[in-house]
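For reference, the structure discussed in these notes is given below.
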Amino acid sequence: MKLVFAGTPEVAVPALDALLASGRHEVAAVVTRPDAPAGRGRRLVASPVAQRAEEAGIEVLKPARPRDEDFLARLREIAPDCCPVVAYGALLPKVALDIPARGWVNLHFSLLPAWRGAAPVQHSLMAGDQVTGASTFLIEEGLDSGPVYGVVTEDVRPTDTSGDLLTRLAFAGAGLLAATMDGIEEGSLHAVPQPVEGITLAPKIQVEDAHVDFAAPALRVDRVVRGCTPAPGAWTVFRGERLKLIQVTPLPDRADLAPGELAVGKNNVYAGTGSYAVEMLWVQPQGKKPMKAADWARGVRIAPGEGLGA
């Protein structure tokens with residue numbers, strides 16, 4: 001088939017690579033979000049997908065909005081059979097959805113209908129799921145509600161962050177998307193409507209969602225930290241300034257600290273929660289680089305009874 005691939009961040013690159021490597025389909029063009037400011041100088045930088053496409057000599061389309069007439073006209077000229085999508089980052093209007101003969105097929109990082117929305121991996125971790133995965137489905141106008149072509153599953157490991165899990169799903173999902181394109185071309189794969197039961201939503205994680213409540217149980221604290229790492233970053237407050245929490249580990253054998261209360265050992269830092277303590281392993285003070293929690297604690301000289309939180 002002739003394909004136009006739509007995607008923007010680094011997590012979409014493995015899928016583009018898989019389609020380019022298959023040799024079975026022609027990737028005629030790539031659609032991605034416009035260049036965005038990045039780095040200290042805030043220079044405009046092309047998306048990871050745009051950079052990969054340019055390396056491969058593929059035409060790159062960067063519409064400000066996917067309903068822009070210039071973009072739609074070019075898409076009609078290319079006349080793709082199908083448009084595979086991974087984390088493109090903009091809603092596709094019906095006028096765009098109607099152009100490819102076999103539609104737009106999205107790779108979504110959850111087992112639909114669970115976790116429809118922008119942040120499925122973060123929500124899955126924060127909810128304590130033990131198994132997650134990726135799905136390919138035919139895009140329709142509803143939010144991630146179209147019929148499903150295929151799925152792959154992935155176990156959630158006890159120390160997974162959203163970054164860890166998303167990286168594994170990006171590569172597993174790349175193979176799924178390539179296989180889905182093959183099945184659509186052969187006519188051997190047909191999309192199945194999603195169940196009406198088990199629908200959960202995964203909206204974008206806001207900064208407030210990443211605020212760690214130490215009155216919550218230790219398992220909840222751990223899940224929020226892992227689910228919000230690396231982005232947007234779990235955080236609390238220490239001495240009136242924001243402190244990012246990068247890694248903690250629950251300690252069921254220690255329950256002598258009040259919620260948020262800190263205790264410092266020779267090479268360890270502990271914080272109380274609503275159940276038992278967690279050990280703080282890595283933190284990032286405001287305006288500084290990530291550091292071991294023990295090094296941070298030595299620098300700030302935590303006084304007895306000091307704690308985390310507002």
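The values are calculated or read from the model by the stated rules, or taken from the named source; none is laboratory data. What you are looking at is a predicted structure, and each value in this text was computed from that prediction instead of being measured. Counting neighbours? That spans all protein chains shown, and the Cβs are built from the backbone with ideal geometry, glycine included. Accessible surface areas use protein heavy atoms only, side chains included; no ligands, DNA or RNA. Shrake-Rupley method; radii C 1.70, N 1.55, O 1.52, S 1.80 Å.
Of the listed values (1) 22.3, 70; (2) 19.2, 72; (3) 19.8, 66, identify the label whose number matches Rg and Dmax of the Cα atoms in Å calculated from this model. Comparing each candidate, only (1) matches the computed number. Cross-link partners of Lys62 among aspartates and glutamates, defined as those whose alpha carbon lies under 17 angstrom from its own and excluding same-chain residues fewer than eight positions apart: Glu10, Asp35, Glu54, Asp70, Glu77. On the basis of the beta-carbon distance and an R0 of 30 Å, Asp35 and Glu197 show a calculated FRET efficiency of 0.10.
Once you wrap a convex hull around the alpha carbon atoms of the range 71-229, what is its projected area averaged over all directions, in nm²? Averaged projected area of the range 71-229's Cα convex hull equals 10.1 nm². The accessible surface of the chain, taken with every protein chain in place and a 1.4 Å probe, is 52 percent carbon and sulfur.
In this rough spin-label picture, where each label sits 7 Å from Cα along the Cβ direction, the Glu55-Ser22 distance is 2.0 nm.
Shown here is the pair-distance distribution of the range 156-235: with all Cα-Cα distances grouped in 5 Å bins from zero up to the longest one, the shares run 3, 12, 14, 15, 17, 13, 10, 7, 5, 2, 1 percent.
For the range 68-110, the residue among Val86, Leu72, His108 whose Cα projects farthest onto the positive side of the dipole built from Cβ charges is His108.
Packing-based ranking of 168-181, 279-292, 26-39 yields 168-181, 26-39, 279-292, ordered from highest to lowest mean Cβ neighbour count within 10 Å.
Any idea how far the Cα center of the range 176-254 sits from the one of the range 260-292, in Å? Answer, in whole Å: 21.
The charge dipole of the range 161-295, taken about its Cα centre with unit charges on the Cβ atoms of Lys, Arg (+1), Asp and Glu (-1) only, comes to about 660 debye. Using the 1.4 Å probe convention, the accessible area of the chain works out to 48 Å² per residue with neighbouring protein chains retained.
So which GluC sites (Glu not before Pro) in the range 152-236 are both in a DSSP loop and have at most 11 other Cβ atoms within 10 Å of their Cβ? Those that pass, being in a loop and sparsely packed, are Glu197. Taking +1 at the Cβ of each Lys and Arg and -1 at the Cβ of each Asp and Glu, which of Gly117, Leu308, Ile58 sits farthest along the dipole of the chain towards its positive end, judged by Cα position relative to the Cα centre? Among Gly117, Leu308, Ile58, the one farthest towards the positive end of the dipole of the chain is Leu308.
Over the range 255-310, the fraction of Cα-Cα pairs per 5 Å bin, rounded to whole percents and listed from the shortest bin up, is 5, 20, 30, 27, 14, 4, 1.
Shown is the FRET efficiency for Asp98 and Ala172, computed with R0 = 25 Å from the Cβ-Cβ distance and rounded to the nearest 0.05: 0.25. A Förster radius of 45 Å, combined with the Cβ-Cβ distance separating Glu140 from Lys292, puts the computed FRET efficiency at roughly 0.40. Once a ≥ b ≥ c are taken as the square roots of the eigenvalues of the Cα gyration tensor of the range 183-222, is the result rounded (a/c under 1.5), prolate (a/b larger than b/c) or oblate (a/b not larger than b/c)? Judged from the Cα gyration tensor, the range 183-222 comes out prolate (a/c at least 1.5, a/b above b/c). Taken over the alpha carbons of the range 1-90 as equal point scatterers, the Debye sum produces base-10 log I(q)/I(0) values at 0.15, 0.25 Å⁻¹ of -0.53, -1.35. For the range 178-183, backbone phi angles converted through the Karplus equation (6.51, -1.76, 1.60; θ = phi - 60°) give residue-by-residue couplings of 4, 5, 5, 4, 4, x Hz, Gly and Pro being listed as x. Note on the chain: antiparallel DSSP beta bridges, both residues inside, total approximately 70 percent of the bridges counted.
Does the range 95-143 come out rounded, prolate or oblate by the C-alpha gyration tensor, with a ≥ b ≥ c the root eigenvalues, rounded set by a/c under 1.5 and, if not, prolate when a/b is larger than b/c and oblate if not? Since a/c reaches 1.5 and a/b is larger than b/c, the shape of the range 95-143 is classed as prolate. Put a plus charge on the Cβ of each Lys and Arg, a minus charge on the Cβ of each Asp and Glu, and nothing anywhere else: the dipole of the chain about its Cα centre is then about 1200 debye. Qualifying GluC sites (Glu not before Pro) in the range 54-151, where qualification requires a DSSP coil assignment and no more than 16 other C-beta atoms within 10 Å, comprise Glu140, Glu141. Projecting the Cα atoms of Ala179, Leu219, Met280 onto the charge dipole of the range 160-310, computed from C-beta unit charges around the Cα centre, puts Met280 farthest toward the positive end. Each 5 Å bin from zero up to the one holding the largest Cα-Cα distance in the range 27-142 carries the following percent of pairs: 2, 10, 18, 19, 18, 15, 11, 6, 1, 0.
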